[in-house]
Each structure stands twice: as C-alpha cells, then as structure tokens.
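Here the structure comes first, spelled out in structure tokens, and everything after it is commentary.
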Amino acid sequence: MKTYLVGGAVRDKLLGYPYSEKDWVVVGENPTTMEARGFIPVGKDFPVFLHPQTKEEYALARTERKTGHGYGGFTFYCDEQVSLEEDLRRRDLTINAIAEDEDGTIIDPYHGQKDLQEKILRHVSPAFAEDPVRVLRIARFAARYHHLGFRVADETLALMKDMVASGEVDHLVPERVWKEMQRALTEKSPEVFIQTLRECNALASILPELDCLFGVPQPAAHHPEIDTGIHTLMSLQQACQLSDEPPVRFATLLHDLGKGTTPSAEWPKHIAHEQRGIKVVEQLCNRIAAPKEYRELAHAVTKFHTHCHRALELKPATVLKLLKQTDAFRRAHRFEQFLLCCEADARGRTGFEDRAYPQTDYLRSALQACLQIDLKAIAAEGFTGQAFGDELDKKRLQQIAALKNSISH
C-alpha cells in the first residue's frame, strides 16, 4: 500500500502557509482491500475512506471522464493500476497537483513548485474546463493568496472565459456556489474573489445582482470613487479590517444592491435604494441558498444602513425604533455585526478609509443605556402586559435623550 500526501497540505507546506487538513491518495489498492485494512468507507461518488486511527481522508487514486454538465457530470474509475501521475493530472491547479511520499520526497509531474515560486495559478490540463466549480475555486485561491502576490495565469483566465461563454458555468448548483463563496469570505482578500469572477465574465452569470453595480455612478460629493461596484469592493475591504466574521463581510457585500435597480435617468442619486434593495437581496440569497444567519443580517444592513449613518441626527424616538427594528435588544451580537457593516460602508469610499465614524459608538451606548433599565422595578410598580411595554419604552426614550443631550453638550 503506497500512500501520498496531496493537495492543499503539500502546497501550503511548501509555501510556509498554515494548514490543518491532510488529504491522502492511495495507489495499488481497491475498496475491498482498504476495508480489510480497517479503513472506513465514506465516499458517496467515489471511494474515499477514513483512517481507522487518525480519521484523515484517504482516497483511492482515480481517473475521471466527463459524461454530463456540471459538478456531478463525471464517471470515476478506480483500480490498482491507476498511477499517482494519472490521479494528479485530474486536479485543478498545478500547485494542487503536488504529492509527497512517506519519506518526504516531493513528486511534482506538472511543475507546481515552479508555479509556486513564480506565484502563478495555472490549470493542469484542458480537463479543467469540464468542471464549472473550478471557476469558483480559482477565484477563491486568488483571494487567498493575493497578499502573497499570486495571479491567475493568462491561459487559465482565457479558459475560464471559454467555460462561461460555453454555458458550462450556468450548470453550477446553489450549494456549490454558496460553499465556495462562504469559504472565499474567510480569505484575506475576498474582494479579489469578486474581481476574478468579473474578469472571466462569470460574475454576471453567478451573481448578476452584484455585477450590474459596476458602472453605476453615485454622487461624487459622498462617493469620490463614483462607481457603485468599486465602492462595494472597497466596503468589503473595510469589513475585512473590522471583522473576520463571514456574515459581516457578506452583508457588507450586498448592502447596496438596490442601487442596481435605480433607473439611469435618476443617476447619480439613488432615492429609496434601501427599500428596493431588500427584494434584490432576497432574490440573491434564495438563488445561492445562503443560510438564515447571513440573509437576515444582509436584510437588516440593506434596509437600515443609512439610518445608522444619520444616527447622530435622529430623534430619540427614531433611535429607539431603529434598535427595535434591528432586534438589538434580543440579539446584541447581531446588532454589533450590523454596526460593523455600516462602518465598513461609510469607510469604503475614496479618502474616507480612516475617517472617524462616531455613529457606531453612539448607537452602542444607546443600546447599553436601555439595557441597564431595571425591568423588575417596572414590574414592582404594577405594570403588566402592554402597560409594561409602554413604561419600558418611556424609560428607554429617557435614557436615549439623556445620552444625546450629554453628547451635544
């Protein structure tokens, strides 16, 4: 039984980049002999096994043949005769087609080490074009390694464009789109994920609501960068500096989708884009099967981000209404995420990147002041039901008014 460490663990070890998961390829075995050795079968589409002790994944060396459209349109062939080189050839990038044997010797038939040194993301073979998920994966790798200077090879970008033009990308299923997008949002430069998809023309197919923001102007006084698409990516960069939570980054990415529905005759203004954006956010989230946590935050940020920007001008009653509408009293962490998204939006503008944004501290203080109200004392005074709620809101308004007064003086 010959086993080889493959894929991301080898790649990142050579890069000196942190990694946690290890994937192994087994040559010279079959499913029956693997089970006889105590390995636990878990693969649905092809033979993958868990090691009886380490629980790491061991896959039999395999080849594959395209039989239909999309990620699932393949038949796989596993046999003791399939070589390591044949298995590596079906992988997406040369830097992912490197193996290491049990003695630590590197096997690199497709020159992945050279591409690591030259910081190139290059496909292994023309078979790359058979799997549309690879367009998303390459965009994600571009986001992961952008800070190290990596770029997509010209011929690989050209192949990705051909995949889009042929309609292969249209066969992506929502679950795969979401899985890659969610992972991209955890990388150091997720805006590069969007940029790469746009460069190969895939963004218009995968996230058309986002793609249509590019070229849409905004008032130069508030947005010196003008272009709504550019502002969106700048906001995403700011969100990455403020938070490593993917929902915050996702909601920031979607906050201005309503501007893509503004009639061009009204440009560069975008009156009521917040309200119009809610439907577009729902449309996008439904299509890519975004989880509830993500879509709810994106909905709140889309609808109320301009309220946050005007927080210092709002009357106490309007501040209280905002706290209620964003469910801040019950979901303080989600409200904090909302505030970070709004701050990222405010700073995602040319020349505004380091500008103070006191609105978030004001709203945090308003929430804390309201949370300090003694609920037991209100109940002790005999208030129940609707009367209890009215009295609580009365005291909340007093707290917010006192806070506002202390700030203005």
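The values are calculated or read from the model by the stated rules, or taken from the named source; none is laboratory data. Not measured: the values here are computed from a predicted model. Here the Cβ is made from the backbone with ideal geometry for all residues, glycine too, and neighbour counts use every protein chain on show.
Odds and ends about this structure:
- When Lys303, Lys321 are checked against the criterion of being over 19 Å from Asp256 (Cα atoms), among the basic types (Lys, Arg) and part of a helix (DSSP H, G or I), Lys321 stands alone in meeting it.
- From Ala311, Ala332, Ala289, Ala317, residue being more than 26 Å from the chain's Cα centre (by Cα), surrounded by fewer than 16 Cβ atoms within 10 Å (Cβ to Cβ), modelled with pLDDT of 95 or more and among the aliphatic types (A, V, I, L, M): Ala317
- The one condition in (1) acidic (Asp, Glu); (2) over 26 Å from Ala129 (Cα atoms); (3) at pLDDT 95 or above that Asp92 fails to fulfil: (2)
- Breaking point among (1) out of contact with any Phe, Trp or Tyr (no Cβ under 9 Å at 6 or more places or on another chain); (2) outside any helix (DSSP H, G or I), for Phe329: (1)
- Filter result (in contact with a helix residue (DSSP H, G or I) (Cβ under 6 Å, 6 or more places away or on another chain), of a type in the set (Gly, Ala, Ser) and surrounded by fewer than 17 Cβ atoms within 10 Å (Cβ to Cβ)) within region 248-265: none
- Any hit, region 161-175, residues being over 20 Å from the mean Cα position of the chain (by Cα), surrounded by 19 or more Cβ atoms within 10 Å (Cβ to Cβ) and among the acidic types (Asp, Glu): yes
- Every residue from region 136-159 that is in contact with a strand residue (DSSP E or B) (Cβ under 7 Å, 6 or more places away or on another chain) and either in a helix (DSSP H, G or I) or closer than 21 Å to Pro18 by Cβ (or both): Ile138, Phe141, Ala142, Phe150, Thr156, Leu159
- Residue count for region 27-57 under the criterion of being of a type in the set (A, V, I, L, M), more than 30 Å from Glu187 (Cα to Cα) and in contact (Cβ under 8 Å) with a residue 12 or more places away in the chain: the result is 3.
- Some residue of region 122-132 being among the β-branched types (Val, Ile, Thr) and modelled with pLDDT of 95 or more: yes
- Test result for Arg183, of a type outside the set (Val, Ile, Thr), within 24 Å of the chain's Cα centre (by Cα), closer than 21 Å to Asp23 by Cα and crowded, with 18+ Cβ neighbours inside 10 Å: no
- Considered as a group, the residues in region 359-409 that are in a loop (DSSP other than H, G, I, E, B) and out of contact with any Leu (no Cβ under 7 Å at 6 or more places or on another chain) include one that is surrounded by the fewest Cβ atoms within 10 Å (Cβ to Cβ), and that residue is His409.
- Of all the listed residues (Pro208, Pro224), the sole one being modelled with pLDDT of 95 or more, under 18 Å from Arg295 (Cβ atoms) and not hydroxyl-bearing (Ser, Thr, Tyr) is Pro208.
- Among (1) among the aromatic types (Phe, Trp, Tyr); (2) buried (at least 20 other Cβ atoms within 10 Å of the Cβ); (3) assigned to a loop (DSSP other than H, G, I, E, B), the one test that Phe352 misses: (2)
- Residue match in region 262-277 (condition: among the basic types (Lys, Arg), farther than 23 Å from His223 by Cβ and assigned to a helix (DSSP H, G or I)): no
- Residue check, Gln113 in contact with a helix residue (DSSP H, G or I) (Cβ under 8 Å, 6 or more places away or on another chain), assigned to a helix (DSSP H, G or I) and more than 29 Å from Met234 (Cβ to Cβ): yes
- Restricting attention to region 300-315, the residues that are in contact with a Leu (Cβ under 9 Å, 6 or more places away or on another chain) and free of Cβ contacts under 8 Å to residues at least 40 places away in the same chain add up to 3.
- Among residues of region 124-135, those that are buried (at least 23 other Cβ atoms within 10 Å of the Cβ) and assigned to a helix (DSSP H, G or I), counted: 2
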